[in-house]
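K.L.:
Input: one structure, supplied below.
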Amino acid sequence: MRLYVEHADDIQGPLDNVLGEICFSSGPEPLIHQRPCLIVSMKRLDAQKPAREIWRCSGEIEQGQYGDIRYRKCEGVLFGFISLPETRFDAQGKPALQQAAESAYRQIFELLERLEYPCLYRFWNYIADINQISSGIERYQQFNIGRQDAFVAHGHDVLGNAPAACALGVKEGPLCIAFIAGTAPSFNIENPRQISACRYPQQYGPRSPTFSRASLLRSEGVLFVSGTASIVGHETLHHNDVVMQARESMANIKAVLDQANLKLQRNAFDLSSLVYRVYIRNPSDFLFVREELTRIAGKIDVVYLQADICRSDLLLEIEAVHVLNPCKKS
Ligand code: 3EB
């Protein structure tokens, strides 16, 4: 089995080998070609068309539904997504978003246990009004509580061995989560410039976020780099300076790549070979960020989207993926 990723504004080529798709689009409902696709409502800053992340695999695909999840799987790897409205939950007691996060993650873990795809590689989390405070606690922190409770309930490690992830804010809509899991363990990579997010101090919320800085799926030659921001140690650096935040984020990604190369004992990954997605809080910052990223990494493959970032002092977050033997973009 081989796993491929492609970033495009539309699907080219065969559809029968598509394992999953995330489509970022703020326009009218994009075409989804009769197959499961998570649609995230975000404005693209560098083009008018939707931005699609398409995962393909070489093996035979089976698709299914479990609770609120839709998924497709091939031998060894599963892509799924869930879209869960908070209105389903009664906000008495625990905040509705916390309950939605716990329910979504519990459903995902149940599915993965049943199908025996127990290894968690990558999660994408999209949360309405992520920086808003309700019930006296920021919504991102509510999400973190629900997520961590589900990890603990299903016996998943919340300290040393979490999957790669990102968590971004959208304007409105249900909690949306996409994920990739599988049968072979991945290596979880941390960044020596940052303390593990799993060990952030209490000032960032009663429960730490559950992710590691990257996960390396050696069997498939895939490196998932988590959402990466201008954080050193546990602190946000360069308040109100988007160019410096972009530079610091890229320094963090470089440090993560160094760790991945150490793990493989060769220089498999470098900044110029990754495929990036950059989430920018203020649309007017886009051109400055693009100029800085080009200066640092040269001509790279990157999509820019407008999104809220999980700390209100962060102006951008950058995530990336590398597939060692990618299919060529058409
Ligand atoms: C950070 O480093 C920035 O909660 O899943 C990055 C990646 C961030 C993932 C998550 C949050 C998450 O803390 C924010």
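K.L.:
Could you please find all residues in the range 307-324 being surrounded by 20 or more Cβ atoms within 10 Å (Cβ to Cβ) and either under 24 Å from Arg139 (Cα atoms) or out of contact with any strand residue (DSSP E or B) (no Cβ under 8 Å at 6 or more places or on another chain) (or both)?
P.N.:
Ala307, Asp308, Ile309, Cys310, Leu314, Leu315, Leu316, Glu317, Ile318, Glu319, listed by residue number.
K.L.:
Find the residue count for the range 176-204, including only residues that are more than 12 Å from the ligand (Cβ to nearest atom), polar (S, T, N, Q) and under 18 Å from the mean Cα position of the chain (by Cα).
P.N.:
Counting residues in the range 176-204 that are more than 12 Å from the ligand (Cβ to nearest atom), polar (S, T, N, Q) and under 18 Å from the mean Cα position of the chain (by Cα) gives 2.
K.L.:
May I pose another question? Can you go through Asp308, Asp270 and tell me which one is within 16 Å of the ligand (Cβ to nearest atom) and either over 22 Å from Lys49 (Cα atoms) or not small (Gly, Ala, Ser) (or both)?
P.N.:
On inspection, the qualifying residue turns out to be Asp308.
K.L.:
A further question on this structure: When you look at Val303, is it of a type outside the set (Ser, Thr, Tyr), closer than 14 Å to Cys166 by Cβ and either open to solvent by less than 30 Å² (accessible area, probe 1.4 Å) or more than 16 Å from the ligand (Cβ to nearest atom) (or both), yes or no?
P.N.:
yes
So that you can scan it fast, the table gives a plain yes or no per residue for (1) within 13 Å of the ligand (Cβ to nearest atom); (2) not polar (S, T, N, Q):
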| site | (1), (2) |
| --- | --- |
| Pro206 | no, yes |
| Thr210 | yes, no |
| Val242 | no, yes |
| Met250 | no, yes |
| Gln265 | no, no |
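K.L.:
Please determine, by comparing only the residues of the range 111-152 that are surrounded by fewer than 19 Cβ atoms within 10 Å (Cβ to Cβ) and acidic (Asp, Glu), which one is farthest from Phe179 (Cα to Cα).
P.N.:
Taking the candidates together, the pick is Asp129.
K.L.:
Scan the range 90-110 residue by residue and report those that are surrounded by fewer than 19 Cβ atoms within 10 Å (Cβ to Cβ) and either on the phi < 0 side of the Ramachandran plot or of a type in the set (D, E, K, R) (or both).
P.N.:
Asp90, Ala91, Gln92, Lys94, Arg106, Glu110
K.L.:
Something else: Within the range 146-158, how many residues turn out to be part of a helix (DSSP H, G or I) and either hydrophobic (A, V, I, L, M, F, W, C) or closer than 24 Å to Val40 by Cβ (or both)?
P.N.:
So the answer is 7.
K.L.:
Scan the range 191-207 and report the pairs whose first residue is closer than 17 Å to Ile145 by Cα and whose second residue is polar (S, T, N, Q), with Cβ atoms within less than 6 Å and a gap of 6+ or a chain change.
P.N.:
These pairs meet every condition: Cys198/Ser208; Tyr200/Ser208; Gly205/Gln141; Gly205/Asn144; Arg207/Asn144; Arg207/Gln148.
K.L.:
When Leu257 is evaluated against the numbered criteria (1) in contact (Cβ under 8 Å) with a residue 60 or more places away in the chain; (2) among the aliphatic types (A, V, I, L, M); (3) open to solvent by less than 10 Å² (accessible area, probe 1.4 Å); (4) away from the ligand (no atom under 13 Å from the Cβ), which criterion, by number, is the only one it fails?
P.N.:
(1)
K.L.:
Then there is this: Are there any pairs with C-beta distances below 8 angstrom linking a residue in the range 113-125 that is among the basic types (Lys, Arg) to a residue that is more than 16 Å from the ligand (Cβ to nearest atom), with the two at least 6 apart or on different chains, and if so which?
P.N.:
From residues that are among the basic types (Lys, Arg), the pairs are Arg114/Tyr66.
The values are calculated or read from the model by the stated rules, or taken from the named source; none is laboratory data. Small disclaimer: the values here were computed from a predicted structure and weren't measured. Here Cβ is always computed from backbone atoms with ideal geometry, including for glycine, and neighbour counts include all displayed protein chains. Accessible surface is based on the protein model in full, side chains and every heavy atom, while ligands, DNA and RNA are left aside. Shrake-Rupley method; radii C 1.70, N 1.55, O 1.52, S 1.80 Å.
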